[in-house]
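Okay, so here's the structure we're looking at.
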Amino acid sequence: MPPTGAEGLGDGFYPFLGNGGYDAIHYEIDLDVDPAANTVSALTSITAQATDDLETFNLDLQGLEVRSVAVDGAGAEFRRSGHELTVRPASPLAAGSQFEVSVSYSGSPETLDDPGVPFSEMGWLHRDGVIYTLGEPSGSMTWFPSNNHPTDKATYEIGITVPEGVTAASNGLLTSETTAGGKTTFEWRMDDPMATYLAAVYIGDFERIDHGPLYDGGPIIRDYVPRGASPDVAQALSVTPDVIAFLEERLGPYPFDAYGTIVMPFPLGLALENQTLSIHGPATIGPGIIAHEAAHQWLGNSVSPDDWTEIWMNEGFATYLHLMFESEHFATDFDATMTQVHAWLSAEGIGPPKGIGIEDLFGPTVYYRGAATLHALRLHTGDETFFEILRTHYDRSAGGTTNTAEFLTLVDEMAGADAVELVEAWLYDEAVPDTL
Ligand code: ARG
Ligand code: ZN
């Protein structure tokens, strides 16, 4: 058998997402988009390192038409099957060598049905003249070929060319905006490691609101709102600096160069923490959900789950922090809020975050029983130890990935076996524990 890269990484919910045999280091994605026709002409080049000897390797790409593939500038054979794009370089790659694979493709990107998100279409979406992407967990493969799993993070440059007058936004910093021949190219750059699911493209009639750096040397805050949006939208977003300051106090410095929110001109059934530029619908923005998506920048984006079955580590932590922020913002009694959450979990018989099926990936189990798990730990350890655990949890895996086992090891180190037992009951036992 010739050496090949595996077509999946064996994720507990998405075994065929991601690919074996290499590590992606950097993505350069150039999209020329016709927003009216919803078509793209694109070139994605990935710098990667082979981790095995490879005669073939796979990328994840769903839909679109692949025109050609090259490896280190030489034409490569390819074949497609479902979302697997198999590439055969002209000469095999040696383990340890660095290579660049370029994929030229075009067409009308598709939406995708993700079994983890039965309540929304995912991938590349086109609505009322706006294009936006929702990548979590699997949707990014509808617009660029990748190693589509959070365990393989990389840096990105995303260039988007659109008709003059249209705005295009993406992750990180806008490094240039150049207009020629009736088209404008927006170059975006993400210099910190990013999981594929957090890459995003937004195209439409948006207005950029710049708030400058949060403090000297801090992240810049910038938002995008639909041109002509009600002042209520900007007003709702004005809580963002307070949110970031609140989170920095508890978790440490904001992980990236920039933060902000893009608001769609139509209702969205969800919000999503796309790295440095979260997406929200106009009707649902408020302090809680803004804090939720911002908290994900630390917990979810900088520290990502190493398997999609670890989703409570994103949603439970973000929910706990957003409830804390909300309580501070509205001056309500936080313990009373968590007591209500506990009562509700018990009344509904909400099962354990580590026992969910894929259809409950974004259900109340991971959000609310996940948050209650952290509150129970806090009541057990006291505030000082709890916040030390939280901060160390973030610090240890910043820029990478983690899982429940690592978290339990940390809890054991800092709070001992009783605390581990308590957290395990919240995460694994069918019954909701009787007390917080
Ligand atoms: N991480 C998002 C949040 O909690 C999840 C929303 C569900 N939608 C999705 N496309 N994954 O804010
Ligand atoms: Zn969330």
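Note on the range 403-436: among residues that are part of a helix (DSSP H, G or I) and of a type in the set (Val, Ile, Thr), the one that is farthest from the chain's Cα centre (by Cα) is 420.
Those strands (runs of 3 or more DSSP E) of the range 179-265 that lie entirely within it include none in which at least 3 residues are of a type in the set (A, V, I, L, M) and closer than 23 Å to residue 166 by Cβ.
So which residues in the range 285-324 are aromatic (Phe, Trp, Tyr) and within 12 Å of ligand 1 (Cβ to nearest atom), if there are any at all? 308, 312, 317 - these are the residues of the range 285-324 that are aromatic (Phe, Trp, Tyr) and within 12 Å of ligand 1 (Cβ to nearest atom).
Matching residues to (1) within 23 Å of residue 198 (Cβ to Cβ); (2) open to solvent by less than 60 Å² (accessible area, probe 1.4 Å):
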| site | (1), (2) |
| --- | --- |
| 321 | yes, yes |
| 353 | yes, yes |
| 376 | no, yes |
| 380 | no, no |
| 403 | yes, yes |
| 419 | no, yes |
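Can you tell me which residues in the range 325-364 are away from ligand 1 (no atom under 16 Å from the Cβ), in a helix (DSSP H, G or I) and over 19 Å from residue 427 (Cβ atoms)? Passing the criteria: 327, 328, 329, 334, 335, 336, 337, 339, 340, 343, 347.
Within 16 Å of ligand 2 (Cβ to nearest atom), outside any loop (DSSP other than H, G, I, E, B) and charged (D, E, K, R) - does that describe any residue in the range 381-392? No, the range 381-392 contains no residue that is within 16 Å of ligand 2 (Cβ to nearest atom), outside any loop (DSSP other than H, G, I, E, B) and charged (D, E, K, R). Scanning the range 112-135 for residues that are open to solvent by 10 Å² or more (accessible area, probe 1.4 Å) and within 16 Å of ligand 2 (Cβ to nearest atom) gives 119, 120.
Only one of the listed residues (45, 91, 68) is in a strand (DSSP E or B), of a type in the set (Ser, Thr, Tyr) and open to solvent by 40 Å² or more (accessible area, probe 1.4 Å). That residue is 68. State all residues of the range 333-356 that are within 14 Å of residue 376 (Cα to Cα) and of a type in the set (Val, Ile, Thr); if no residue qualifies, say none. 337, 339, 341 - these are the residues of the range 333-356 that are within 14 Å of residue 376 (Cα to Cα) and of a type in the set (Val, Ile, Thr). Residues of the range 63-77 that are in contact (Cβ under 8 Å) with a residue 24 or more places away in the chain and touching a strand residue (DSSP E or B) at 6+ places or on another chain (Cβ under 6 Å): 64, 65, 66, 67, 68, 69, 70, 71, 72, 76.
The values are calculated or read from the model by the stated rules, or taken from the named source; none is laboratory data. Computed from a prediction, not measured in an experiment: that's the story for all the values here. Methodologically, a virtual Cβ is constructed for each residue, glycine included, from the backbone with ideal geometry; neighbour enumeration extends over all protein chains shown. In case anyone asks, the SASA skips ligands and DNA or RNA and just uses the protein heavy atoms, side chains included. Shrake-Rupley method; radii C 1.70, N 1.55, O 1.52, S 1.80 Å.
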